[in-house]
Amino acid sequence: MTAQALAQRQTSNRSLYPSKPVFEAALNVVRRAPVPQIPDVVMALRRELTRPEPDLKAASDLIALDPVLTGQVLRVVNSPAFNLPAQVSGVHQAAGLLGLARLTNLATAEAINRLLEVNQGPVRVLWESILGTARIVTAVARLTPDIGEDDAYLFGIMHDVGSLIFANVTDNYIAEWSFRADSTPSELLAHERTTLGTDHAVVGFLLANNWKLPEFIALAILHHHGTRHLEAEDRRIPRLIALGQLAHYLVALANGTDETAEMLEYRDQAGNMLDIGEPEWAALCRQAVNGGW
């Protein structure tokens, strides 16, 4: 996506978008990295979703053209997380149960998972961490209004995808990420800007735009390390940011790095935004400590 294309996409959330120099600095880094392209079937799905009258059957037919993606979608739909009354045997049946928006987000998330999956080396640890955080984001989303699990999971696997890009273009990034990501993320961002001229939040936003993810998810990715929640017209943006920050705090709690000023701020901000009850909060903390995601 060019800076001109980005400007054309801006809506009432214009003030939340990065400036042209910030966007172009991120674009320069992405051009140096082996960034995978989202499958054509997913791009076609997202185009169908934006039509004035989306066609559910046409969308289902698109997914059915990709047997691997179909299998991934059905595996997730039939998982305990969806708690459906009966086994779903086909993508058309799944579409009827979930609706087009949820089905499209689910297919997008599974396609991105397949694209970015890392099989070996230190980068694998980073990817496993991203998936773990996405599971926490999804679990917390079940306790809060306004954000569906499919939106939460899509945000979860994408919000730190810029870190995967950086791991492929600079030495020793994994070490810095391991030391800072879940204790002092502001220092990680400062390191990224010093060494690369941009940070992983901006790169994640760029990729989310390029892959035609919903605007509110892309903007939540861009601002997910913000120190204050945004007064956005679309309230899903600050809620996703809160989900991400709470997930980072819970990871820090599990790792014993939760007493830093930033992690405590994440906890307090997210708690105020999401209004999670004390019993639910205690259960989340127990899950974090026990690794029960």
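The values are calculated or read from the model by the stated rules, or taken from the named source; none is laboratory data. Note that the coordinates shown come from a computational prediction; the quantities given were computed from them, not determined experimentally. Neighbour counts run over all protein chains shown; Cβ positions are idealised from the backbone, glycine included. Quick note on the areas: whole protein, heavy atoms, side chains included, nothing else; ligands and nucleic acids left out. Shrake-Rupley method; radii C 1.70, N 1.55, O 1.52, S 1.80 Å.
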Name the pairs: first residue in segment 42-61 and over 20 Å from residue 111 (Cα atoms), second residue surrounded by 15 or more Cβ atoms within 10 Å (Cβ to Cβ), Cβ to Cβ under 6 Å, at least 6 apart or on different chains? 54/48; 54/100
Residue selected from segment 269-293 under the condition within 20 Å of residue 159 (Cα to Cα) and free of Cβ contacts under 8 Å to residues at least 40 places away in the same chain, by the criterion farthest from the chain's Cα centre (by Cα): 271
Being over 27 Å from residue 25 (Cβ atoms) and either assigned to a helix (DSSP H, G or I) or touching a Pro at 6+ places or on another chain (Cβ under 7 Å) (or both) narrows it down to one residue among 220, 208, 232, 254; which is it? 254
Give me the residue from segment 152-195 that is among the hydrophobic types (A, V, I, L, M, F, W, C), assigned to a helix (DSSP H, G or I) and more than 20 Å from the chain's Cα centre (by Cα) and, out of that set, nearest to residue 219 (Cα to Cα). 190
Please go through segment 241-261 and give me each residue that is surrounded by fewer than 22 Cβ atoms within 10 Å (Cβ to Cβ), in contact (Cβ under 8 Å) with a residue 40 or more places away in the chain and not β-branched (Val, Ile, Thr), ordered by number. 255
Selection count, segment 199-223, where residues are polar (S, T, N, Q) and open to solvent by 10 Å² or more (accessible area, probe 1.4 Å): 1
For the structure I just gave you, tell me whether residue 226 is buried (at least 24 other Cβ atoms within 10 Å of the Cβ) and within 30 Å of residue 50 (Cα to Cα). no
Search segment 34-43 for residues being over 18 Å from the mean Cα position of the chain (by Cα) and exposed (fewer than 13 other Cβ atoms within 10 Å of the Cβ), and hand back the single one that is farthest from residue 206 (Cα to Cα). 40
Answer from 100, 115 - the residue that is over 24 Å from residue 26 (Cα atoms), in contact with a Pro (Cβ under 8 Å, 6 or more places away or on another chain) and at pLDDT below 90: 100
Among the listed residues 278, 265, identify the single one that is open to solvent by 30 Å² or more (accessible area, probe 1.4 Å) and more than 18 Å from residue 139 (Cα to Cα). 265
Unique residue being in contact with a Phe, Trp or Tyr (Cβ under 9 Å, 6 or more places away or on another chain), open to solvent by 20 Å² or more (accessible area, probe 1.4 Å) and either polar (S, T, N, Q) or at pLDDT 85 or above (or both) when the list is 89, 129, 79: 129
For residue 46, indicate whether it is within 18 Å of residue 153 (Cα to Cα), open to solvent by less than 60 Å² (accessible area, probe 1.4 Å) and either at pLDDT 80 or above or part of a helix (DSSP H, G or I) (or both). yes
Residues of segment 139-167 satisfying the condition of being touching an Asp or Glu at 6+ places or on another chain (Cβ under 8 Å) and either of a type in the set (A, V, I, L, M, F, W, C) or open to solvent by 10 Å² or more (accessible area, probe 1.4 Å) (or both): 141, 142, 143, 144, 166
Within segment 168-192, how many residues are at negative phi and open to solvent by 20 Å² or more (accessible area, probe 1.4 Å)? 17
Which one of these is among the basic types (Lys, Arg), surrounded by fewer than 19 Cβ atoms within 10 Å (Cβ to Cβ) and either at pLDDT below 85 or in contact with a Lys or Arg (Cβ under 9 Å, 6 or more places away or on another chain) (or both): 31, 14, 51? 14
Being touching a helix residue (DSSP H, G or I) at 6+ places or on another chain (Cβ under 6 Å) and either acidic (Asp, Glu) or surrounded by fewer than 16 Cβ atoms within 10 Å (Cβ to Cβ) (or both) is the filter here, so list the residues in segment 66-76 that pass it. 66
